[in-house]
Amino acid sequence: MQYVFHLIPNAHLDPVWLWDWREGLNEGIITCRAILDMMDEIPDLTFVRGEATIYRHIERTDPDTFARIKKYVQSGRWEIVGGTEIQPDTNLPATETFCRHFLHGRQYFWQKFRKKPTVAWAADSFGHSGGLPEILTACGMDGFCFTRPAYDIVPIESQAFWWEGIGDSRVLAYRPRFGWYGAERHEMPQRLDQLLDAAGKSDLKNVGVFFGLGNHGGGPSRRQIEDIRAWGEKHPEVQLQFSGLHRLLAAIRQEVKHGRELPVHKGELNFVLRGCYSSVAKYKFLYRQAENLVQRAEITATAITRAQKPTARPWALDERLQDAWNSLLFNSFHDILPGSSIERAFDEQIQWMGGAIHTARSVEFDALNRLANQIDTRAGRAGPSPARDEPGPVVILVWNPHPWEFNGYVELEAALDYRPIWKYQNRVNELPVKLVAPNGKPVDFQIIENEHRSMPELAWRSRVVTKLRLPSMGWNVVQFGYDEGFKPAKISDPAIARKNLISNGVYDIRTAVGSKSIRIKHRGRDLFGKAGLQIVTVDDPWGSWGGMAEQPDAITLSNVLETWKIARTEILEAGPLRAALWVRFLGGNSRLELTFLLSKDREAIDIRARMFINERSKRVKIVFPGCDQAELDVPGGSVIRGPIGQMPGGRWVRAIKNGQTNFGIATDALYDFDIADGNLQATICRASRYGDDIKTAADQVPWRPAVDAGELKFNFLISPGNDELPRLAEELERPPVNILTASHPGPLPKAGSLAELAPDGLQLLALKPAENGNGTIVRLFNRTHKLLKPTIRLGKTRLTLSELSPGKISTWLITSSGTAKIISASEL
């Protein structure tokens, strides 16, 4: 057999890693110039380059180099691959974040080069979600080339194989049997020998040879090319040709057409470098927050704008949100989000994320004000009465960003007057306040502690928790104010609290000072057995990536150094709508404060966590007993895993014991979980070092700062783990939002809905204007195991969309005339 070796020169470039983003982007220019010079000299040399962000930077700062690249793209020697903005981590970002990578990246490549790559390129990311094939096919990609995890971790015999996703979508994948994406200067002869030996054990004649210098740019060297040509002269049985990823996979497809069979790999391509699932938690928590706020703002702004201008053509997404998405995409890079860069770089990426968060909130705030201006928000009395000089009610718009009805608890706080209500000085708890629903009737509420302790003897601001029924992607206008003489109705079956115990009739939570656990009962059953919920410190001397050689001790992390003790408890709220128990755990030099919230009739426990960590070479875990398997939410679907060490996932996790769901948890920040000794364990954070791959004891190199020292805040919930769990997770990450608004007439009622999605089990990934301004994009994910027929209402337009198979992602373009057609997620 004559083998065809496809020589694929590339230059892997980490835009942020052991350097900052400025150095990384400018190195992109330097590398591309060097490659172009070599291509001028060597007429058959080819080159592959992905990452739209690098091209954008070159276009903006070095147009001459950009023009040279464009010339070689047009001639077919410079191949655009990947289709993403950068090479993201492929386990941690949200599903929609991946879709936006391909939308932004492929559109840029089409606009500038008239090229739309169809082969994804994940040279260096640390393992791949089992749902990635679903995302790739939904975005118009049919191929996937990668080098991690290596063969010894995920042993697939063939270099080329069909990768089948959770929902049965399939892409042609390729991973070299030997080597990585690049090569050392001297190793090309050995690499080619190894690949020839592997080819002799395979039925395929087309073989990919990835080479070039990297991680700080580089690309193919003259020595490598000379060594390749010399090797070729000694091996006439091999045809050597400079090539690219698309040509390699196209050649393999031709072989398949002519009878070659490829193996099928179903599910994940994991795991590798597991420390990255929890390294630099302070960045990860912020990234997750930004991801959710940008999505919430976009959906909110789109729904409101479309309702106000239903036939407007064209209309566009706020440019500020485009910038926020660009920030999210860059910062999902596989050495930023996984936590493997230097401290100085993280300082700047954290600042970058802060900008995206502020932008999202600003866009959302503007949209909600536009909506409020159209609503009849008139209160009983607008502002202080001239006759009696008493405060009137405050008007609050409460917005539900989800396409289903929200029936749950929200907190509202407002100033009840422009000055303190002096009549109730030193009698703040006696201040009569009233909350009024859109229908004009009083709403049950519970006064809770204000966020401030300034002048606590003065009745001025008030904070309440109440249960509201908010229409799907809709609003309530509520009135909240001082009302002399108002007496709220007595609430039946209240949430209660007494020393070290809170209960809402569904859950009982009990603990005591000196204990090592929280005891939780769900409808009389010990949810976590007698052991209860615990906090432990685990030995973790590994660097940013965990064990670089996948050492067993770095995978399991089972050496518990300490089980934390409860040092103090306090009842913060005693009902009737909500009871709250504050618990302080102490362990080593650190503390964790958990506030457990039980709301009347709510089938979930809400927990607010505040971590103060001051450790080195350790990690802190929450232990949930009663789990031998778990179903974890991952990008593009969910997977069931057993006790296999540290694993990524976890916007929601369904704990399984003896084949049955035992409980569920959801978080707005955590990514790292494991199962050990019958326990589900969630890593909060790990005190490693920045940009470090050396196993380091706690007392070594004390001048190198421990990552995450200081305060971390996050939220999580515990539920029965039923079908409601994904919805609870979304409401946790993207809760309803409220704004103070003016009292005025308007054409819209005090309660209303702008959109709705049915049936249950569909996840709305995107609601946005089409990039060309001609219509609205709706992207849905069927997270069930059933065939679903989506029905969506946008304003007054109700559409039945085409059927969506289990585990599939589809994108529709809704035109201004109210018709719908399926498109690729990377088209519009």
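A few remarks follow.
- Remark: the stretch 20-138 projects, on average over all directions, an area of 7.7 nm² (convex hull of Cα atoms).
- Relative counts (whole %) of C-alpha pair distances in the stretch 691-828, using bins that are 10 Å wide: 9, 26, 25, 18, 13, 8, 2
- Its Cα gyration tensor gives the stretch 319-380 an equivalent ellipsoid, and the semi-axes of that ellipsoid, as √(5λ) in whole Å with the largest first, are 36, 11, 8.
- DSSP beta bridges fully contained in the chain are about 85 percent antiparallel.
- The mean of 1/r over all distinct Cα pairs in the stretch 23-71, once inverted, gives the Kirkwood hydrodynamic radius of 11.0 Å.
- Helical content alone sets the calculated 222 nm signal of the chain at -7500 deg cm²/dmol, taking -39,500 (n - 2.57) per DSSP H segment of four or more residues and averaging over every residue.
- Histogram of C-alpha separations across the stretch 446-575, 10 Å bin width, %: 9, 22, 24, 22, 16, 6, 1, 0
- The reciprocal of the average 1/r between distinct C-alpha atoms defines the Kirkwood hydrodynamic radius, which for the stretch 609-746 equals 16.9 Å.
- Scanning residues 5 or more positions from residue 219 or on other chains, those with amide H under 5 Å from its amide H are 12, 213, 214, with H placed 1.01 Å from N in the peptide plane.
- Unit charges at the beta carbon, dipole of the chain: most positive-side option, 679, 558, 746: 746
- Calculated from backbone phi, Karplus (6.51, -1.76, 1.60) coupling profile of the stretch 245-258 in Hz, x at Gly/Pro: 5, 5, 5, 4, 5, 5, 5, 5, 4, 5, 4, 4, 4, 9
- Approximate spin-label separation residue 742-residue 513, in nm, with each point projected 7 Å along Cα-to-Cβ: 5.3
- Dimensions (Å) - the stretch 560-684, Cα atoms, principal axes, largest first: 41, 38, 26
- Overall dimensions of the stretch 232-381, expressed as equivalent-ellipsoid semi-axes from the Cα gyration tensor (√(5λ), whole Å, largest first), are 47, 25, 15.
- Environment charge of residue 455, counting only residues whose C-beta is closer than 13 Å and scoring Lys/Arg +1, Asp/Glu -1: +2
- The alpha carbon radius of gyration of the stretch 716-756, expressed as a multiple of 2.2 N^0.38 Å, is 1.75.
- Rounded to the nearest 20 debye, dipole of the chain from Cβ charges on Lys, Arg, Asp, Glu: 2180
- Derived scalar couplings ³J(HN,Hα) [the stretch 434-439; Karplus, 6.51 cos²θ - 1.76 cosθ + 1.60; whole Hz; x for Gly, Pro]: 9, 10, 10, 6, x, 7
- Size descriptors for the stretch 760-828: radius of gyration and Dmax over Cα atoms are 11.5, 34 Å.
- 24 Å Cα cut-off, lysine pairs counted over the stretch 195-282 (separation 8 or more, or different chains): 6
- The fraction of accessible area contributed by carbon and sulfur in the chain is 48 percent, rounded to a whole number (1.4 Å probe; ligands and nucleic acids excluded).
- Space enclosed by the convex hull of the alpha-carbon atoms of the stretch 531-610, per residue, Å³: 136
- Per-q log10 I(q)/I(0), the chain, q = 0.07, 0.11 Å⁻¹ (Debye; single scatterer per alpha-carbon; no solvent): -0.57, -1.32
- Charge tally around residue 153: other residues with Cβ under 13 Å, Lys/Arg +1 each, Asp/Glu -1 each, net 0.
- Positive minus negative residues near residue 653 (Lys, Arg vs Asp, Glu; Cβ under 12 Å): -1
- Based on protein heavy atoms only, the chain ends up with 38 Å² per residue of surface accessible to a 1.4 Å probe.
- Anisotropy class of the stretch 1-87 from Cα gyration tensor, a/c 1.5 cut: prolate
- For residue 84, the amide hydrogen comes within under 5 Å of the amide hydrogens of 51, 52, counting only partners 5 or more places away or on other chains and with H modelled in the peptide plane.
- Kirkwood analysis of the stretch 129-208, using all unique Cα-Cα pairs, places the hydrodynamic radius at 13.8 Å.
- The P(r) of the stretch 672-766 has a tail past 15 Å containing 80 percent of all C-alpha pairs.
- Each Lys and Arg contributes +1 and each Asp and Glu -1, all at the Cβ; summed about the Cα centre of the stretch 236-372, the dipole is approximately 460 debye.
- Vicinal HN-Hα couplings computed from phi for the stretch 660-677 (Karplus, 6.51 cos²θ - 1.76 cosθ + 1.60; Hz; Gly/Pro x): 10, 5, 9, 6, x, 10, 9, 9, 9, 8, 7, 10, 10, 9, 7, 10, 8, 6
The values are calculated or read from the model by the stated rules, or taken from the named source; none is laboratory data. Note that the structure is predicted; figures quoted are calculated from it, not measured. Every residue, glycine among them, receives a Cβ derived from its backbone with ideal geometry; neighbour counts consider all protein chains shown. The accessibility values were calculated without ligands, DNA or RNA, using every heavy atom of the protein model including side chains. Shrake-Rupley method; radii C 1.70, N 1.55, O 1.52, S 1.80 Å.
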